[in-house]
Amino acid sequence: MRIFSGIQPTGTKHLGNYIGAIRQYVVGQDRGEALYCIVDLHAITVAYDPAELRKSLYDLTALLLAAGLDPQRCILFRQGDVAEHSELCWLLCSVTELGRLQRMHQFRDKSVQQRELVSAGLLVYPVLQAADVLAYRAHEVPVGEDQREHLELMRDVARRFNARFGDGDEVLIVPEHRIPEVGARIMDLQDPTRKMSTTGGSEQGTVYVLDEPASIAKKIGSAVTDSGREIVRSPGKQGVSNLIEILAVASDRSPEQVEADMAQARGYGELKKAVTEAVVEMLAPVSERYAELRADEQALEDVLASGAARAREIAFQTLATVRERMGVGPARRAE
Ligand code: AQP
């Protein structure tokens, strides 16, 4: 089984990214052939600073390695190093419906945030994301809940390509998404009706993977809850439900177990203390390893370059078939 996921190059990954995606990446290394891509070409679809992009890319590479990605057990690479992603994106544009792209939630949300320019890249973003995955004929895509709509589009693009050009073959594999059962949507601690987010959230409501323990304690300690005392998940108790889910993941228990263990607690203060301790314990080793890994940029570059070489070998094959089926370039001679 082949697993693929992409992640944006920001060094400031938050608890939602860590629980919804990065932890799944680490586990994926033992479940199949895993490819993880740092998507710099996605990052340029909104206003950005080129020098900052390059720096953030190394920040994230170091963070992913610190979190447990092992270049011996997965292929970790930079999207911009493998030209097949851009080429396949363009080719897939011909089987992608424009109206669907215009209706995507992320496009609508992010386009209102742009002050100077809503770029065509922002609109085409989900096609590039489809190309990222389909180029590797991946079977599974570990992501958080917010990516469900993009995954559906990707699956439809693959199906339409196969129907139009496959001639009975599954040239592009229709991938499945793997969304974690617990922690698929970690909410902002200050506004638990919104997901924890890099661009849309509040600073105080967002715990970053590299936050100091004192800062983590402060943010979790001031998380918005409600006026009750019961530590149970329910639709009217979004703040408490969010803390229970975080504690469940961070302490390797089910949410039901956390509720049972917390049944005798004297109020939300005790819950917050338990969440803080578990989150600090989960993230502290990542911070420690990060400092060491981030110091050696050449070593990070070497990991990315060798990952790109391995990724290119796979994507090249898919592109050769796609081009051939679409009638682009000369026909391949029979072997
Ligand atoms: N709140 C969240 N809970 C669980 N999973 C989440 N993810 C994002 N937010 C949550 C998952 O993290 C992965 C990384 O995605 P990305 O780096 O490409 O960034 P993103 O999806 O754009 O999410 P961000 O970091 O919060 O940025 P904003 O909101 O500013 O766009 C993805 O698998 C995502 O599902």
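Just the residues that are more than 24 Å from Ala291 (Cα to Cα), in a loop (DSSP other than H, G, I, E, B) and more than 12 Å from the ligand (Cβ to nearest atom), please, taken from segment 194-227. Of everything in segment 194-227, those that are more than 24 Å from Ala291 (Cα to Cα), in a loop (DSSP other than H, G, I, E, B) and more than 12 Å from the ligand (Cβ to nearest atom) turn out to be Ser202, Ser222, Ala223, Val224, Thr225, Asp226, Ser227. Filtered by the rule that a residue be within 8 Å of the ligand (Cβ to nearest atom) and either among the basic types (Lys, Arg) or touching a helix residue (DSSP H, G or I) at 6+ places or on another chain (Cβ under 8 Å) (or both), segment 19-33 gives Ile19, Gly20, Ile22. Of all residues in segment 174-190, those that are part of a loop (DSSP other than H, G, I, E, B) and either crowded, with 18+ Cβ neighbours inside 10 Å or basic (Lys, Arg) (or both) total 10. Filtering segment 185-227 to residues that are at pLDDT 95 or above and of a type in the set (Gly, Ala, Ser) leaves Gly205, Ala214, Ser215, Ala217, Gly221, Ser222, Ala223. Here Ala47 fulfils each of the conditions (1) closer than 30 Å to Ile244 by Cα; (2) outside any helix (DSSP H, G or I) apart from (1). Could you grab me the full set of residues in segment 106-155 that are at pLDDT below 95, within 24 Å of Tyr18 (Cβ to Cβ) and either more than 13 Å from the ligand (Cβ to nearest atom) or more than 18 Å from the chain's Cα centre (by Cα) (or both)? Correct list: Gln113 only. The C-beta contact set for segment 188-213 (first residue more than 26 Å from Leu65 (Cα to Cα) and hydroxyl-bearing (Ser, Thr, Tyr), second residue outside any strand (DSSP E or B) and more than 11 Å from the ligand (Cβ to nearest atom), distance under 7 angstrom, 6+ apart or interchain) comprises Thr193/Gln238; Ser202/Gln190; Ser202/Asp191. Glu230 meets each of the listed conditions (1) under 22 Å from the mean Cα position of the chain (by Cα); (2) surrounded by fewer than 17 Cβ atoms within 10 Å (Cβ to Cβ); (3) part of a loop (DSSP other than H, G, I, E, B); (4) not basic (Lys, Arg) apart from (1). Checking Leu88, Leu41, Leu35, Leu60 one by one, the residue that is over 30 Å from Arg159 (Cβ atoms) and surrounded by 19 or more Cβ atoms within 10 Å (Cβ to Cβ) is Leu60 and no other.
In segment 9-33, what residues are part of a strand (DSSP E or B) and in contact with a Pro (Cβ under 9 Å, 6 or more places away or on another chain)? First the steps, then the outcome.
Looking only at segment 9-33, we keep the residues that are part of a strand (DSSP E or B), and these are 14, 33.
Residues satisfying the conditions do not exist here.
Quick one: is Leu63 under 22 Å from Asp146 (Cα atoms), in contact (Cβ under 8 Å) with a residue 24 or more places away in the chain and in a helix (DSSP H, G or I)? So Leu63 passes the test.
The values are calculated or read from the model by the stated rules, or taken from the named source; none is laboratory data. Computed from a prediction, not measured in an experiment: that's the story for all the values here. Counting neighbours? That spans all protein chains shown, and the Cβs are built from the backbone with ideal geometry, glycine included.
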